[in-house]
Each structure stands twice: as structure tokens, then as C-alpha cells.
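Worksheet for the structure shown next.
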Amino acid sequence: MHLSSARLSEVELELVEPFETSFGVERHRRFLLLRLETADGLLGWGECVASADPLYSSETLATVREMLTGHFLPALFRQPSLDPEEFVRATARFRGHRMAKATIETALVDLSARSRGLSVSRFLGGARRRVAVGVSVGIQPTVAGLVRRVGEYLDAGYRRIKLKVRPGWDEVPVRAVRHAYPDIEIWVDANQAYPVTAVGKIRRWAADHHVAQVEQPFPERAIRAHARLAEGAPFRVCLDESIVDAVSLEDALDARALSSLNVKTGRVGGLTVGRALARTARRAGVPSWIGGMLESGIGRAHNVHLAALAPFTLPADLSASDRYYREDLVDPPFVLGPGSTLEVPRGPGIGVEIVERRLSRATRASRTFRR
Ligand SMILES: [Mg+2]
């Protein structure tokens, strides 16, 4: 299998509704898509989760573009095979820039799976046909609006509800949702918004309202604060931004700073890396799940395939396409099935069709690289 070209496109899709987290509000999503093509016409697709501003991570559209064109695509063209794990090893000497690396790695996994006639999940060793999912609900203008929104998602069939929280938007909205829906599974995610002095406060309201999981309340390097929160807590403490590689995971496991691992393909540098981290966590008795980054159907497909692997035992943040975009880039769209699940596509590679007409409408710029 020889790579003949790589096309990098900048794409913009409008969200169905604005999504607010402790970082700010997103109304549309601008992102990069990579299309790899081999000499015999096989395609592999990768989606980059970096955004325009360095809020969730230090990577941005601009840094990813720079790293891909200056370092990682040249490394890929030099690589003798198109094996994704070989690409991870070959680029390990370049520090950081994991979202940029994941853009290529995911496209290589798609390509490698297609070349063997396997779905991405089978290629990675997954066996599930459906994966359990929940929904992540952004910060809303009012508490009453939040309760209504949660009700709509429950009516739509979502079983697990994750609420975005931050100082000033935590105990009151969580209590209101718990009061309205006494039996649902509630998770919260703060995206690092609390100071490490907030351990006692968070523990109190999370326990009082039977929150099942508290995700990344403290800054990414605050491993000891997360360990203090986790000690004897009646809820799981989940790490997201803190875990970027095997070393950070092993240190956090040693410190007992997590009882749940959020794996995001982009944050950790790819699907094969995410698989390895989830296996390490499982050996330590810590369950994993797949986090979302408002991906289009391409990134979502990769994530659904990864969620089909055995170590991912908690429901993923991978909702149906219509929760995010009016018109997704892929067919068929992901629809919510029985028991709050999404079906794992069966066809080769990511198993969904990229609709070129919609893609070209959403494309703002594109550049093709050849060997
Ligand atoms: Mg998170």
C-alpha cells in the first residue's frame, strides 16, 4: 500500500444549538479533515478536534496545520508502511501536538481497516455491535431551561446525562435536575474550572445530589487535588485533560487520582494510543469511556468504533448526529437506538459514506500534498 496524496481541508459546520462549557460558547465548529489516498485508490479519513482558540488544549487549527505540513505529513510520506502504530512510533520524538498526530493516525487506521476489508472496530479488536452512550448538556441560560433540556434528552431516549458545571453553575442546577428526575444517572464535568481549594465543597454537593461521576474539576496538573477528592468519595472521579499519555496515566493511577478514565482520541494522539491507555486503566481496575469533542460524523464514527472495545465499559459522550448538526457530513447519520445506544457501523473502515456534496459546501479551504 503506497500513499499517493493527502488532502487537508478546513471545514465549518453550524451547531444545532450553541454549546456552552466553562471555556465559553461555541455556535459553529471549524475543524480540519484529512483524506489520505493510496496509489490504488483506497481512502482513509481523519478528523482533527483542535479548535480555533487554545481553550480545551494548547493546540489550535493553526498549530495543527503547521505541524501537519511541516513535520507529520512529511514523516508519513517517508514511512515505508502505512501502519498506524508505526506512525505513532515514528513521530514519538516530536513533543506534544497529539491532536495533529491523531488526525493522521485515525486516517491510517481507517485506511488499514479498509485494506483488510474490516471495520475500524474489528481492526482494533472490538466486538460490540452497539455501544452505550449518554448526552453532554452545556451550561444553559437558566436553571428552568436546563431542566427542560434534560427532559427533552430523556424523552429522546438518553439514559445518562452529563452536565457541564463551573463555579456559580453547579449546586443549584444539579439540585434542580436531581429534584426533577430523582432516578437518572447524573455526571458532571467542570473542564478544570475549580481551584484546588474546592475539594470539600464539590464533594458535598456531588454527594448530596447523588452525582455518579465528577469529571476534571481541577487544573490538568492538579493530580493530588483529584486524589483528595477521590479518597472515600461516593462518586467516581474522572480524569480527562490530565491524561495525555501512558506516563501521565500511570502517575495518576499510582496517586489514586481517578476512578474513571475519559479517553479522547485527539487528546491522546490516536485510536491505538487510546486503546493502550484504556487497557492500562482496566488492569488497575479503572473503567474507561469515550469522550466527545463535537465531532462531525467522521470523528464520531472513529469514536463509536473505539467504544466497541472491551475496556470501554461506561457510556460514551457520543450522541446521535442530530444532537449536534443539522446536516452531518456522513450517511447514514448516527441515530439513537434502544437502551441509549448507537450502532457500530459494519462496513469496511469507518463504515459510513462521506457525502462529497455536503463536504464541499462546508469546505472553506483545502490543500493537497503529494509524495
Ligand atoms: Mg471533559
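Read-outs throughout are calculated quantities, based only on the coordinates presented, and are distinct from any laboratory measurement. Note that the structure is a prediction, hence the values are computed from the model and not measured. Reconstructed Cβ throughout: ideal geometry from the backbone, glycine too, with neighbour counts over all protein chains shown.
When only alpha carbons are used to place a centre, the stretch 267-303 and the stretch 10-61 end up 17 Å from one another.
The residues neighbouring Leu318, those whose beta-carbon lies less than 12 Å from its own, together hold a net charge of +3 under the Lys/Arg +1, Asp/Glu -1 convention. The angle between the Cα long axis of helix 143-156 and the longest principal axis of the Cα atoms of the chain comes to about 60 degrees, rounded to the nearest 10. Which distance in nm do the two modelled labels at His71 and Ala156 give, with both placed 7 Å along the Cα-to-Cβ direction? Those two pseudo-labels are separated by 3.8 nm.
Net charge dipole, the stretch 123-343: roughly 400 debye, given to the nearest 20, about the Cα centre with Cβ charges of +1 for Lys and Arg and -1 for Asp and Glu.
The angle between the Cα long axis of helix 199-208 and the longest principal axis of the Cα atoms of the chain comes to about 80 degrees, rounded to the nearest 10. Relative contact order of the stretch 226-300: 29 percent, from C-alpha pairs under 8 Å at least 6 residues apart in sequence. Reported to the nearest whole Å, the Cα centre-to-centre distance from the stretch 333-371 to the stretch 200-234 is 36. The angle between the Cα long axis of helix 297-307 and the main principal axis of the chain comes to about 70°, on a 0 to 90 degree scale. Select from His179, Gln79, Ile161 the residue farthest towards the positive end of the dipole of the chain; place +1 on Cβ of Lys and Arg, -1 on Cβ of Asp and Glu, and compute about the Cα centre. Result: Gln79, furthest along the dipole toward the positive end. Summing Cβ point charges (Lys, Arg +1; Asp, Glu -1) relative to the Cα centre of the chain gives a dipole of roughly 460 debye. Would you compute, from DSSP H runs of 4+ residues alone, the mean residue ellipticity of the chain at 222 nm, taking -39500 (n - 2.57) per run and dividing by the full residue count, rounded to the nearest 500? The per-residue figure over the chain is -10000 deg cm²/dmol. Using 1/(1 + (r/R0)^6) with R0 = 41 angstrom and r between the beta carbons of Glu171 and Ala310, what's the FRET efficiency to the nearest 0.05? For Glu171 and Ala310, the calculated efficiency is 0.65. Our summary gives the chain a relative contact order of 22 percent, counting only alpha carbon pairs under 8 angstrom and 6 or more residues apart.
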